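The values are calculated or read from the model by the stated rules, or taken from the named source; none is laboratory data. Note that this is a predicted model, so its numbers are computed, not measured. We place every Cβ from the backbone using ideal geometry, glycine too, and count neighbours over all the protein chains shown.
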Amino acid sequence: MLRYSAVSLSRNPVPLPVTTMNTPLGRNAQHLEWLCERFDLGRPRGEPIAVAGGFHHRMWRLDTGAGAFAIKQLADDVDVCDVATRTRLNATESVAAAFAALGIPALASLCRDGEHLQVLDGGGYLVFPWTDWRARDRNAIEPCHARCVARILARMHGADLQVAGLAGPATWPLTAARLTDLLELAQRRNVREADHLRGRVDDILAVVERQASAQSVLSARSVVSHGDLDHKNVLWGPDGEPLLIDWESARPINPTYELLLEALDWSGIAANFEVAPFDNFLSAYVREGGEIDAAAVPAAFDAILGAWVNWMLYNVGRAAGVEDLRQRAIGTEQIDLAVSALLHLERNIPRLKDIAGRHARQRPRELRRV
């Protein structure tokens, strides 16, 4: 989807640059020793173990005398030597820590001397307490999980959190010329769905052209929030307790836009979409005190369409323009996912707007303290 993380819909760069990772932490004893000293982690009990952790960065488990830790090693296309980038990444972790202090189940990285991000030889690291909790597969999401996330989202939107150093709201990265170039590249490289996309170019251009107006409407209100609260970024404990991870996309965002985006995601917009879970997500949000701005609903849906178009075209560039076979495979898979989401949206947006409008007219009860 188009969001603001390594694998989210709102990423601006198209196509993806070739990613050549820094020396893996498992082979970099100096960096490991420094991190252990920096955070008083104790002596390592063996080498760090590579674990699954997303499409972009490396994740490691490290067992030490003080416990178990997860270390995120940022991909080397993240310029951690850039002051603005370091400031933003520290700020996003500060958002997680601030929400955790308010009772939101957020997992923040360790902090030392006001710095979450540790930069060593041009590489960046974030260190977290280890958790064995796991994200649920998209097909294993139950109604209770979606309702839980909706309630948490309402509480975050009502928190009025202020954190300096975050990135601003998204800018629209695509032009008609760039769109044409990407689709021609996709055809030349025989990217899957290229012919379908070329056949729908007028529809895609119409979405692109509506983005400036949509962003203008949505910019009237923003709150600091997670920014990428889909199923992969919520872990669940043995008794159904949630834990929100991966705050790299935290930023000011229009709350109605984020609500509708996440309601669609937790309703399976890119897979087996059903309207009832979308309705239930909004209902849980409003019951928890969340407020839906009726005037922002049409613009939010335009922006969501734009987000999916941007994610689809980002992955066209990924599938067509990189040498890394893993990234090409991911790009192809994500194109299919985006096309599915756009087709679901095309068929259902009128009904979804009506549902959102109905919930917007409901007066939310007073938001409980976060």
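Worth pointing out:
- For the range 96-130, a residue qualifies if it is on the phi > 0 side of the Ramachandran plot and either in the same structural domain as Glu241 (by TED's automatic domain parsing) or not in a loop (DSSP other than H, G, I, E, B) (or both), but none of them does.
- In the range 131-141, residue nearest to Arg58 (Cα to Cα) [restricted to those that are in a loop (DSSP other than H, G, I, E, B) and touching a His at 6+ places or on another chain (Cβ under 7 Å)]: Arg136
- Residues of the range 306-336 classified as among the aliphatic types (A, V, I, L, M) and over 21 Å from Trp172 (Cβ atoms), total: 6
- If the condition is being in contact (Cβ under 8 Å) with a residue 60 or more places away in the chain and either assigned by TED's automatic domain parsing to the domain that holds Glu333 or closer than 19 Å to Glu248 by Cα (or both), then the range 46-62 contributes Gly54, Phe55.
- No other residue among Val163, Val191 is hydrophobic (A, V, I, L, M, F, W, C), touching a residue at least 24 places away in the same chain (Cβ under 8 Å) and over 18 Å from Arg318 (Cβ atoms) apart from Val163.
- Which listed residue, of Val322, Val339, is of a type in the set (Val, Ile, Thr) and at pLDDT below 85: Val322
- Checked against (1) more than 22 Å from the chain's Cα centre (by Cα); (2) modelled with pLDDT of 75 or more; (3) not in a helix (DSSP H, G or I), Val78 passes all but condition (1).
- Residue satisfying condition, being surrounded by fewer than 17 Cβ atoms within 10 Å (Cβ to Cβ) and touching a residue at least 60 places away in the same chain (Cβ under 8 Å), within set Gly237, Gly268: Gly237
- Among residues of the range 63-97, those that are surrounded by 17 or more Cβ atoms within 10 Å (Cβ to Cβ), of a type in the set (A, V, I, L, M) and touching a residue at least 40 places away in the same chain (Cβ under 8 Å), counted: 10
- In the range 253-279, the qualifying residues are those that are within 16 Å of the chain's Cα centre (by Cα) and of a type in the set (Phe, Trp, Tyr), and the one that is farthest from Asp137 (Cα to Cα) is Tyr257.
- If you go through the range 291-329 and keep only what is of a type in the set (Val, Ile, Thr) and over 18 Å from the mean Cα position of the chain (by Cα), you end up with Ile292, Val297, Val316, Val322.
- Residues (under 19 Å from the mean Cα position of the chain (by Cα), more than 22 Å from Ser109 (Cα to Cα), at pLDDT 95 or above and not small (Gly, Ala, Ser)) located in the range 125-146: His145
- Pair list, Cβ under 8 Å, 6 or more apart: the range 31-43 residue in contact (Cβ under 8 Å) with a residue 60 or more places away in the chain, other residue of a type in the set (D, E, K, R): His31/Asp121; Arg38/Arg112; Phe39/Arg112
- Residue list for the range 316-338, restricted to those being assigned to a helix (DSSP H, G or I) and closer than 17 Å to His57 by Cα: Arg318, Leu325, Arg326, Gln327, Arg328, Ala329, Ile330, Gly331
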